[in-house]
Each structure stands twice: as structure tokens, then as C-alpha cells.
Amino acid sequence: MLDALKDIVRKSSIHVCLVNSGGCNGCDIEVVALLSPRYDLEQYGIYVHNNPREADVILVTGAVTEQWKENLRRIYTKAPEPKVVVALGNCPISGDVFNQEGSSVNAPVSDFIPVDAELSGCPPRPSEILEAILAVAPGAIAAKGRQKK
Amino acid sequence: MILPLGPIHPGLKEPLRLKLKTQGEKVISAEIDYGYVHRGIERIMEGKTWQKAIYLAERVCGICSYIHTQTFAETFEKISGEQAPLRAQYLRVLTNELDRIQSHLLANSTFFKAIEHETLFMYMLALREPVMDAIELLTGNRVNMGWNVVGGVRMDAKDIHLQQIMEIMIKLEAGYDRYVEMYEQGPLVGLRSKKVGRMSKEDAIKGRAVGPIGRGSGLKHDLREDHHTYRDHLDFKVIWRKEGDNFARNMNRFDEIPQSISLIKQVIENIPKGDTRNKVEIGKGYGEWRNEAPRGEVTYMIETNGNLINNVSIRTPSIMNIDSCARYMLNDVATVSDAIATYASVDPCIACAERVIVANEKGEEKHYQGIFDIK
Ligand code: SF4
């Protein structure tokens, strides 16, 4: 009973924290574009506020630069359970064009924090980002919430 | 009290650490700490052919990605002494101005978000989407377009697409004045932006401010004036203002948008027929080229041996603008929330700004360019 209630509540209010761990910014502005009236993210109950302490979903973009190696883990632990990590764009999955000899990136993100879903594209289209969050977040959050008990 | 902000914080859209020293509500000093998005792009470019390096140039910054490839390509064209065909030059102007419109709208929307004016924030984003559509129509992608190659542009534009872009521009222009008026006349937005974060012309010169930030403080400087396509074929005048406050910087961006629309119209009406790509023989040499990005001046300095890139150095506008923000503008703000609004009015782009690491000989102690104090 309580679980079912929690599932409903979690489904309809997803708080998102966007973490740019060293990319070109392209993925981040596509997330900003999602806020625009055309896509209207908030009608799905998703709220982007960049505050890790209140986040249900952490969207990671970028290829993990030197400075982020430790901080990424720290931000991850700050977010309350249950949480879902979505890797957005080619950068956190493979390092994209930056992952070559001589660079200072340490992709993939999954070396540092557990990743629940990956979405490729450089950058992915806003509609794809929206679809990804909606496809993975409510179910995964509910399942993780039960697991913990 | 010391108030640390970031690297991830609701008020910032890119990772950056701000340490504000405050006394009550007043900010007395600010320290900015970079290095969160340093990827080492110049280092990766070394020893690559231009075909590989141009993709890296595009990913220096996602918001003004277009101008980076254009400057990169024009640097190589300068080394080889050949220009792109005229049709390609016109198409470059077209894409550049579309990119400028979307970037300026995004910059102003961030400012409105920082002063908590949600309505204008949403209006700006709503205006921006059709422009993104226009970019997608022309180049096939929204953000990283891959539109330039050395010697021209990747493909030709169809007439029907140009016509559709024209329609989008006419629609954008028709509704545009209403939003500018909302900003210009709005009493509450005025309180948060007029006479806040002022920077005088002398300080702007000392801080090397460029782009709309410098022009808002009275520096009449726009590199499009000197660019051969704009100079020889198009009607273009520099827009600038005197006040030097947050209001002037935003209004300058607002005023540049109709001008970009007019440039796009001129391009679509007068675009000549012909090739869009020259075959360019790249010789050995060193070249330097500067262009006006939405945020100011972008410089590429490239040394090549004819095939591979030996050395490259990129200078982006954001670093100078953030510098002048921290040194001069933040001296003039009363509260912490004004400090954040002033910072947003500078339209900082951190991904651009991360260009240098300073390390000691053994490579132990690293710090990133641009850590400084204001006093
Ligand atoms: S995936 Fe592409 S668009 Fe996204 S941050 Fe990386 S380089 Fe930029």
C-alpha cells in the first residue's frame, strides 16, 4: 500500500540535477531547450534545478576531466536514495572526440559512478532526452526504492 | 562570511567555483576557480590533419560551435592564400548570423532566469526554437553542425530551404518588438538591471572586454566590420551603447538580433549561384585569423607542415569577459543576488574559457588559468 503510493508520487515528480563533467556544453543547452514551451518538461512532472541534494535523476554530460574525478563521486553520494544516473551524449559513454592521446579526460563515467541508462548522440535531440528520462526514471526509481528495504 | 558556490549549483549553468566574500548582503570580493571542463583540445589537435581537427574545434564550445569551425577553416584558407567561393561565403554568413541569434536569445534568457523573471525566460526560449529549426533545415543538425570545411561549406543549400528560413525570420521579426519592449519598459526588470554592475569604457579597455560586453560599455569594436564578406558585400553597422550596466549589455544583444535578421535577408536575396567548395592546396606555414563570435573575438593561431597541424592555439572571448566581470563589474553590486545577475549578464561560457593549465616542472602542482581576486 505504502509502496504503491510512493510509486505514484515518485512517478509524477522527478527532480533532475544536471552535472557537466567536462563536455562542450552542447548537451547542456539541449537540456535547457527542453525547458522551453515547445517541449515543456514540467508537464511531465520533471523539474530541473541543479541541486544534487534534492535530485532523483542525475544527468551526467561530459567526459570527466581531472578535476571531476573525485567530485563526481562526491556529488553522487550527496543525492538521496533512490537515485538514477543517466549518461547523456557520447562524452560520458566513450569520451567522444576528446578521448584521444594527450587529452585530459577520463571517460567513461561508469568507471566512477554506477550508470543506469545511456543515451548516445552528439548531442541527442531534446525529444530523445525527454524520452530517455521518462522511459527509465519512474520505473527505476520505484524498483530501487523497494530494493533498499 | 565566505559563501562558496558551485561547482554544481542551482544558480550556475556550467561547472565553476565562485567564492564570494560577503559582509551582510554586500559582496566585497570574489574568487573564480576554473578547471572543471578542461579537456586539452589544443594538445589533442597536434599531429592531426585538418579533417580530424575541425571536429575538435567545433566542440570547443557547444553554444557558439559554428564560429569555431569557420575561424578554423579561414585560418587554413589564409595559410594557403585561397578564399572560399562567394556562394560559400554567403552561406557562412547565413549560418553565423542564425547561430548568433540563438546564442543571444539563450544568453538573455539566462539573465532573466538569474533575476527570476520566468515569463521572459520562457518567451526567449520560445523565440529560440524556430531559429534552431532554421539551423537544422540548413545544416541538418541543431548544435554541432559540421558545416564548414577548408575551402567552403560541406554542401549546397536548396532554394526551398532558404525560402523557409526567410519565412521563419519574417515571423521572428514580427513578434520581436513586443518582448524588447517588455524588457525596456518593465519597471521591475529595470530595477534589477539598470545601474547595476557598471563598467566604464576605461575599465572595459583595461579588462580587455570584447563582444556585446565591451560594446555595452562604449567600445565600438566588432570584427565583422573587417571581415571580407561583410565589408565587401553586405550592409553592416556596429551597434553599441554607452551605459555599461546590465541593462546595456542585454539591450545590446537585443538590438543585434534585428541586425542579424537583416543580414540573413540580404544574404538570401542576393546569394550568387556557383560552387560551394574550392579545392585548397595547403602549404607549409603559420596563420592567424580572428572572427566575431556571439560573445566577442575568437582567434585561431595555427602552424602546419602542409598536412599535419604542428601547433595550435585558440583564444576565446569568455575569459576576458569573465575577467572584467570579476575585476570591475562586481565592484558595483549591492547584493549577492545582483552579483549572480551581473555574472549572468556577461554571458559566460566556461567550456570556451578552459584553455590553459599552468603546471610546475615536475607536473605536480597544477592550476588553471584565471584564478584571481577582485578587491
Ligand atoms: S556529447 Fe557532443 S554535444 Fe554532448 S557534451 Fe559531448 S561533445 Fe558536446
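Averaging Cα coordinates gives a centre for region B:278-354 and one for region A:125-142; these two points are 35 Å apart.
For the modelled label position 7 Å from the Cα of B:M155 along Cα-to-Cβ, which residues of region B:60-80 have backbone nitrogen atoms closer than 13 Å? Within reach of a label on B:M155, which here means backbone N under 13 Å from a point 7 Å along Cα→Cβ, region B:60-80 contributes nothing. Region A:8-38 and region B:158-176 have Cα centres separated by 29 Å. For the pair A:K11 and A:K78, a Förster radius of 25 Å applied to the C-beta separation gives a FRET efficiency near 0.60, rounded to the nearest 0.05. Charged side chains reduced to their Cβ positions (Lys and Arg at +1, Asp and Glu at -1) give region A:13-147 a dipole of some 380 debye around its Cα centre. Which percent of Cα-Cα pairs in chain A sits in each 10 Å bin, short to long? In order of increasing distance, the bins hold 12, 43, 33, 11, 1, 0 percent.
Neighbour counting of Cβ atoms within 10 Å sorts the residues B:H228, B:H104, fewest neighbours leading, into B:H228, B:H104. Estimated translational diffusion coefficient (Stokes-Einstein, Kirkwood radius over Cα pairs, 20 °C, 1.002 mPa s) of region B:38-373: 104 µm² per second.
Here is the link list: B:K52/B:K78; B:K113/B:K194; B:K52/B:K273; B:K201/B:K265; A:K6/A:K83; A:K69/B:K26. Which ones come out longer than 23 Å on Cα distance? B:K52/B:K273; B:K201/B:K265; A:K69/B:K26, as the Cα separations exceed 23 Å there. Note on the protein assembly as shown: along the principal axes its Cα atoms extend 72, 55, 51 Å, ordered by decreasing extent.
The GluC sites (Glu not before Pro) of region B:199-282 that DSSP puts in a loop, and whose beta carbon has at most 10 other beta carbons within 10 Å, are B:E281.
Distance between the pseudo-spin-label points of B:A174 and B:K265 (7 Å out from Cα toward the beta carbon): 1.3 nm. Straight-line reach only, C-alpha to C-alpha below 17 angstrom: list the aspartates and glutamates that B:K284 could link to, leaving out same-chain residues fewer than 8 apart. Once the sequence-local aspartates and glutamates are set aside, what remains near B:K284 is B:E46, B:E74, B:E77, B:E82, B:E303. The GNM of chain B, with springs linking C-alpha atoms under 10 angstrom apart, assigns the highest mean-square fluctuation among B:L330, B:L20, B:L94 to B:L20.
Every number here is computed from the coordinates shown, using simple stated rules; none is lab data. Note that the structure is a prediction, hence the values are computed from the model and not measured. Cβ coordinates were reconstructed from backbone atoms using ideal geometry, including for glycine residues, and neighbour counts include every protein chain displayed.
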